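Step one of this worksheet: look at the structure below.
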């Protein structure tokens, strides 16, 4: 179904097929869920460490445990991964926009590469899954330390 969303169709570098209203509905739903997840991951990845750092008792326990660097690293890597995916998606969408405005661009190798990447849903899914696992690992390790 996702391949319908990212097709090169009669001069349109990106978008849904005109004859597929269901595709438009599914893309709108996907777009909303994607946006909510991206905001949630970024907020959690930044917010959780801020809460820890602003609570002297919690910060002291984490520092004494010897795990504070590992936990901070998990949160930092998760946020960096989300920033990288956001930058990649921005670049891919710019390429689509540029192709709409400059017809000759569609014939370039750069466009073909970005078009191929744009249709790869697994890249976003894998980045989100890794970020979630990093945040879950850090959160679990914090709970274990705080519960001891």
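The values are calculated or read from the model by the stated rules, or taken from the named source; none is laboratory data. This one's a predicted model, so the numbers in the text were calculated from it and none came from an experiment. Here Cβ is always computed from backbone atoms with ideal geometry, including for glycine, and neighbour counts include all displayed protein chains.
Before we move on, is residue 78 farther than 26 Å from residue 27 by Cα, part of a helix (DSSP H, G or I) and touching a helix residue (DSSP H, G or I) at 6+ places or on another chain (Cβ under 8 Å)? Here the answer is no, as residue 78 does not meet what is asked. Quickly run through the stretch 99-110 and pick out the residues that are without any contact (Cβ under 8 Å) to a residue 60 or more places away in the chain and surrounded by 14 or more Cβ atoms within 10 Å (Cβ to Cβ). Listed by number, the residues that qualify are 105, 108.
Evaluated against (1) loosely packed, with under 13 Cβ neighbours inside 10 Å; (2) touching a strand residue (DSSP E or B) at 6+ places or on another chain (Cβ under 7 Å), residue 143 falls short on exactly one condition, (2). The set of residues in the stretch 133-148 that are free of Cβ contacts under 8 Å to residues at least 24 places away in the same chain and within 18 Å of the chain's Cα centre (by Cα) comprises 133, 136. When residue 135 is tested against (1) surrounded by 15 or more Cβ atoms within 10 Å (Cβ to Cβ); (2) farther than 18 Å from residue 42 by Cβ, just one condition goes unmet, and that condition is (2).
The condition (being under 13 Å from the mean Cα position of the chain (by Cα), free of Cβ contacts under 8 Å to residues at least 60 places away in the same chain and in a helix (DSSP H, G or I)) is satisfied by just one residue among 116, 127: 127.
Reported count of residues in the stretch 76-98, each being surrounded by fewer than 18 Cβ atoms within 10 Å (Cβ to Cβ) and over 28 Å from residue 61 (Cα atoms), is 12.
Inspection of the stretch 19-29 finds a residue satisfying the criterion of being part of a helix (DSSP H, G or I) and either at pLDDT 95 or above or in contact with a helix residue (DSSP H, G or I) (Cβ under 6 Å, 6 or more places away or on another chain) (or both). When the stretch 65-75 is filtered for residues that are over 17 Å from residue 40 (Cβ atoms) and surrounded by 15 or more Cβ atoms within 10 Å (Cβ to Cβ), the ones remaining, listed by number, are 65, 67, 68, 71, 72.
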